[in-house]
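The values are calculated or read from the model by the stated rules, or taken from the named source; none is laboratory data. Computed from a prediction, not measured in an experiment: that's the story for all the values here. All Cβ positions, glycine included, derive from the backbone under ideal geometry; neighbour counts span all protein chains shown.
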Amino acid sequence: MSEEVLVSIRNLHATANGTPILKGIDLDLRAGEVHAVMGPNGSGKSTLSNVLVGKPGYEVTKGEILFRGKNLLEMEPEIRAREGVFLAFQYPVEIPGVANNYFLRTAVNAARAHRGLDPLDAMDFLSLLREKMKIVEMPDDMMKRAINEGFSGGEKKRNEILQMLLLEPDFCILDETDSGLDIDALRIVAGGVNRMRSPERAMLVITHYQRLLDYVVPDRVHVLSKGRIVRSGDKDLALELEEKGYGWIETGDAAGARS
Amino acid sequence: MSGTNPELERLAKQEYKYGFVTEIEEDRLPPGLTEEVVRLISAKKEEPEWLLEYRLKAFRRFREMLDEGEGEPGWAKVSHAPIDYDAITYYAAPKQKPKLESLDELDPELRATYDKLGISLLEQKRLHGIGDGSRPGVAVDAVFDSVSVATTFKAELEKHGIVFCSFSEAVREHPDLVREYLGSVVPYSDNFFACLNAAVFSDGSFAYIPKGVRCPMELSTYFRINAAGTGQFERTLLVADEGAYVSYLEGCTAPQRDENQLHAAVVELVALDRAEIKYSTVQNWYPGDKDGKGGIYNFVTKRGACRGYRSKISWTQVETGSAITWKYPSCLLIGDESVGEFYSVAMTNNRQQADTGTKMIHIGKNTKSTIVSKGISAGHGDQSYRGLVKIGPKATGARNYSQCDSLLMGDQCGAHTFPYLEASNPTAIVEHEATTSKISDDQLFFCRQRGISEEDAVSMIVNGFCKDVLRELPMEFAVEAQNLLSVSLEGAVG
Ligand SMILES: Nc1ncnc2c1ncn2[C@@H]1O[C@H](COP(=O)(O)OP(=O)(O)OP(=O)(O)O)[C@@H](O)[C@H]1O
Ligand SMILES: [Mg+2]
């Protein structure tokens with residue numbers, strides 16, 4: 001595995017509408033690694049992912065985030081995205097009236113322009129889109145529909161994975177992409193995620209369940225509680241959590257909370 | 001939305017692109033509305049006696065309405081300071097040779113003005129980007145303040161027997177046609193502004209498409225208000241004879257001025273048996289500044305009569321400009337199986353107000369109408385959709401479908417829907433759907449997280465919202481309209 005640190009989060013403190021939520025997060029992701037983040041409801045997992053992608057409404061009060069050595073916090077959200085930071089949302093929004101394929105092509109071409117590449121024309125994009133849609137087993141007609149409009153919960157999540165496959169980001173954050181999926185959809189989503197695993201990429205996979213991690217085997221597992229990483233370990237930590245719940249960790253000290 | 005968006009705030013301050021003034025010597029009447037003024041306008045245009053009489057009748061009725069305090073209609077949901085009709089100049093025209101032998105004689109200042117507005121008055125020039133040489137161009141009638149200054153492609157149209165010229169020329173060259181149809185759809189006494197227009201109308205466009213002719217190119221009129229302190233009162237009359245087809249587009253801009261200027265137009269359309277008229281408007285009058293200072297008052301009466309069997313009239317409008325818009329393009333569905341359509345996008349930003357909609361009057365059997373209205377409100381903009389569907393007692397089998405959607409940006413703007421239905425035939429089927437939605441912060445952020453700038457995201461969402469209407473526009477203008485929507489919306493969110 002490569003030694004290069006792709007994402008480095010240092011002593012990150014953040015507030016949401018003035019309330020402190022993240023209280024000192026330290027996390028390094030090396031290229032090629034998949035890290036799972038688990039933790040009770042309300043512990044700050046989505047807040048962490050939102051802060052990483054620059055969602056308005058959060059304020060970083062202390063600490064820093066470096067992505068390929070660059071200060072992520074200084075970049076506008078769309079620049080972070082074009083640089084290769086991707087978040088699969090826990091609750092993907094619907095945008096009536098805007099066709100999926102048009103939206104996706106706009107997004108892909110925005111990223112290409114950022115990298116100095118020519119835009120894909122409609123034909124080239126379509127063949128790329130078809131290829132990626134096969135991976136997530138999405139029917140053609142879904143692309144002509146408005147973004148997520150009337151999509152089932154599982155279809156929305158698959159659409160997130162499709163976007164990730166198209167945009168080929170180097171840092172992928174998945175916020176509970178496995179929640180609400182049936183068994184087949186889980187397999188499909190996990191298949192999409194595994195395709196993205198590569199020596200150049202890092203992934204932060206937020207989940208509550210071991211069942212995703214059966215497919216997407218993490219290099220590291222972290223437990224977030226009350227805005228801090230209270231425990232880190234290898235893939236077995238997730239199994240242990242599945243068995244014992246969070247209680248034994250939260251009451252314990254923060255020993256071993258190093259990534 | 002929370003008002004936190006610096007990018008959009010910056011864009012909001014962007015200026016209206018067409019706000020420049022052309023320095024040109026104009027022949028203008030002193031302000032004020034008197035019988036003398038009406039006579040002078042008529043004399044300047046060397047009009048026949050019957051037309052002067054028509055104007056004078058309208059003038060007297062208008063004075064009556066003013067005196068009886070029947071002024072501007074009180075039901076429209078707009079507010080403005082009282083208009084002093086005696087402070088307005090009713091006629092202003094650039095000084096140039098009264099009759100141009102060819103387009104080459106056009107004053108270079110005027111040509112430059114239209115170039116700046118992106119309107120080509122050169123006949124050989126085709127619209128950009130349309131590769132195949134066989135595609136027809138667009139014939140343009142350019143109206144500058146009170147007169148038409150140029151009409152392109154006239155000779156080519158004449159080959160098909162199509163008359164397309166300024167209204168004044170039509171009065172001279174085709175008086176019988178004008179006399180037959182003028183006021184036949186919108187009587188001079190129809191409403192306050194129509195009456196004012198009938199008294200003082202200065203110029204506008206006239207088109208006649210003979211029997212069975214499909215007009216080979218788009219016809220269009222481009223209205224430009226230039227002079228300060230003037231109103232523009234144009235009159236447009238389109239007649240499609242049996243089996244004829246024409247697609248017509250109207251565009252408009254005005255300089256940026258601190259005063260409000262009045263634009264009170266009348267448009268009459270007549271479609272005979274199996275004739276079809278497609279009338280599209282991209283309205284971009286100066287909307288006033290962000291505090292509501294200045295801007296055009298756009299009080300317009302537009303109506304089409306489907307007089308024959310299977311006549312069809314389709315109105316498509318994209319309204320982004322004007323301080324106040326008051327406009328209800330309507331269809332009188334007289335002939336059996338005639339069809340009326342109204343597709344509208346109205347956008348109000350900053351302090352703009354719009355009260356717009358349509359009237360579909362079903363008179364003949366099996367008449368059909370469709371109304372699709374998309375309202376976008378941003379800033380402190382306020383708008384109302386006002387639509388009347390009236391089914392007459394003989395309109396057996398009439399059908400109407402109406403859809404009114406509002407999109408709100410921010411929480412300071414307003415959208416209102418006033419659908420009126422009067423059905424006096426039990427066989428009629430009338431459907432009405434209405435929705436109100438908002439562009440949410442989450443939607444915008446979703447787009448940004450995918451690498452799309454907020455500005456592009458807003459215009460993508462707005463264009464998506466409007467696409468049922470935009471696709472009714474002729475292709476060339478759909479692109480223009482999309483751009484216009486984006487520009488008018490800049491600064492709308494945040
Ligand atoms: N904008 C906000 N304003 C106020 N509080 C917020 C805001 N966003 C998040 N919080 C609070 O921060 C805490 C962490 O929320 P977050 O969504 O990050 O949790 P989570 O770990 O993702 O939980 P879940 O497992 O339920 O998804 C919660 O108590 C939540 O109410
Ligand atoms: Mg969460």
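Quick notes on this one:
- Any chance A:Asn17 is within 14 Å of chain B (Cβ to nearest Cβ), within 12 Å of ligand 1 (Cβ to nearest atom), over 28 Å from B:Asn463 (Cα atoms) and surrounded by fewer than 22 Cβ atoms within 10 Å (Cβ to Cβ): yes
- Against the list (1) surrounded by fewer than 17 Cβ atoms within 10 Å (Cβ to Cβ); (2) touching a residue at least 12 places away in the same chain (Cβ under 8 Å), the condition A:Lys157 fails is (1).
- Identity of the residue in the range A:94-123, farther than 22 Å from A:Pro77 by Cβ and part of a helix (DSSP H, G or I), that ends up nearest to the other protein chains (Cβ to nearest Cβ): A:Asn101
- Here the condition is being surrounded by fewer than 24 Cβ atoms within 10 Å (Cβ to Cβ), modelled with pLDDT under 95, under 22 Å from B:Val270 (Cα atoms) and in contact with a Gly (Cβ under 6 Å, 6 or more places away or on another chain); of B:Tyr309, B:Tyr328, it holds for B:Tyr328 alone.
- All conditions but one from (1) more than 16 Å from ligand 2 (Cβ to nearest atom); (2) over 23 Å from B:Ala457 (Cβ atoms); (3) touching a residue at least 60 places away in the same chain (Cβ under 8 Å) apply to A:Arg130; the one that does not is (3).
- Test: residue in the range A:198-216 that is aliphatic (A, V, I, L, M) and surrounded by fewer than 21 Cβ atoms within 10 Å (Cβ to Cβ): no
- Just so you know, in the range B:195-215 the residues that are surrounded by fewer than 24 Cβ atoms within 10 Å (Cβ to Cβ) and out of contact with any helix residue (DSSP H, G or I) (no Cβ under 8 Å at 6 or more places or on another chain) include one that is nearest to B:Tyr279 (Cα to Cα), and it is B:Arg214.
- Every pair of residues 6+ apart whose Cβ atoms lie under 6 Å, when the first sits in the range A:78-90 and is farther than 24 Å from A:Asn41 by Cβ while the second is assigned to a loop (DSSP other than H, G, I, E, B) and of a type in the set (Gly, Ala, Ser): A:Glu78/B:Gly451; A:Glu78/B:Ser453; A:Arg80/A:Gly54; A:Ala81/B:Gly451; A:Arg82/B:Gly451
- Of all the criteria given as (1) within 27 Å of A:Ile161 (Cα to Cα); (2) surrounded by 16 or more Cβ atoms within 10 Å (Cβ to Cβ); (3) of a type outside the set (Ser, Thr, Tyr); (4) more than 13 Å from ligand 2 (Cβ to nearest atom), the one not satisfied by A:Val37 is (4).
- Residue count for the range B:402-444, restricted to those that are more than 13 Å from chain A (Cβ to nearest Cβ), charged (D, E, K, R) and without any contact (Cβ under 8 Å) to a residue 40 or more places away in the chain: 3.
- Qualifying position, being away from ligand 1 (no atom under 16 Å from the Cβ), among the β-branched types (Val, Ile, Thr) and modelled with pLDDT of 95 or more, among A:Val34, A:Val51: A:Val34
- At least 3 residues being more than 16 Å from ligand 1 (Cβ to nearest atom), closer than 18 Å to A:Leu87 by Cα and touching a residue at least 24 places away in the same chain (Cβ under 8 Å) is the threshold, and among the helices (runs of 4 or more DSSP H) wholly inside the range A:165-249 those reaching it are A:183-196.
- Looking only at the range A:160-184, residues that are more than 15 Å from A:Asn194 (Cβ to Cβ) and surrounded by fewer than 19 Cβ atoms within 10 Å (Cβ to Cβ) come to 5 in all.
- Flag if A:Gly18 is under 17 Å from the mean Cα position of the chain (by Cα), farther than 17 Å from A:Leu224 by Cβ and away from ligand 2 (no atom under 16 Å from the Cβ): no
- The range A:66-80: number of residues that are of a type in the set (Lys, Arg) and surrounded by fewer than 15 Cβ atoms within 10 Å (Cβ to Cβ): 1
- Hey, A:Leu12 within 16 Å of ligand 2 (Cβ to nearest atom) and either within 22 Å of A:Leu167 (Cβ to Cβ) or without any contact (Cβ under 8 Å) to a residue 60 or more places away in the chain (or both) or not: no
- Test: residue in the range B:214-229 that is assigned to a strand (DSSP E or B), more than 17 Å from B:Leu157 (Cβ to Cβ) and at pLDDT below 90: yes
- Selection of first residues in the range B:451-472 that are more than 15 Å from B:Gly375 (Cβ to Cβ) and within 8 Å of chain A (Cβ to nearest Cβ) and of second residues that are charged (D, E, K, R) and assigned to a helix (DSSP H, G or I), restricted to Cβ pairs under 8 Å at least 6 apart or on distinct chains, gives the following pairs, ordered by first then second residue: B:Gly451/A:Glu78; B:Gly451/A:Arg82; B:Ile452/A:Glu78; B:Ser453/A:Glu78; B:Ser453/B:Glu7; B:Glu454/A:Glu78; B:Glu454/B:Glu7; B:Glu454/B:Arg448.
- Identity of the residue in the range A:81-93, more than 8 Å from chain B (Cβ to nearest Cβ) and more than 16 Å from ligand 1 (Cβ to nearest atom), that ends up surrounded by the fewest Cβ atoms within 10 Å (Cβ to Cβ): A:Glu83
- With respect to the conditions (1) modelled with pLDDT of 95 or more; (2) in contact with a Leu (Cβ under 9 Å, 6 or more places away or on another chain); (3) surrounded by fewer than 24 Cβ atoms within 10 Å (Cβ to Cβ), B:Pro393 lacks only one, and its number is (2).
- Residue in the range A:38-48 that is away from ligand 1 (no atom under 15 Å from the Cβ), modelled with pLDDT under 95 and in a loop (DSSP other than H, G, I, E, B) present: no
- Subset of the range A:40-65 (residues that are on the phi > 0 side of the Ramachandran plot, within 11 Å of ligand 2 (Cβ to nearest atom) and surrounded by fewer than 18 Cβ atoms within 10 Å (Cβ to Cβ)): A:Gly42
- Annotation note: Cβ proximity below 6 Å between a residue of the range A:26-47 that is within 14 Å of another protein chain (Cβ to nearest Cβ) and a residue that is more than 16 Å from ligand 1 (Cβ to nearest atom) and not in a loop (DSSP other than H, G, I, E, B) (sequence gap 6+ or interchain) occurs for no pair.
- Reported count of residues in the range A:48-70, each being among the acidic types (Asp, Glu) and within 14 Å of chain B (Cβ to nearest Cβ), is 1.
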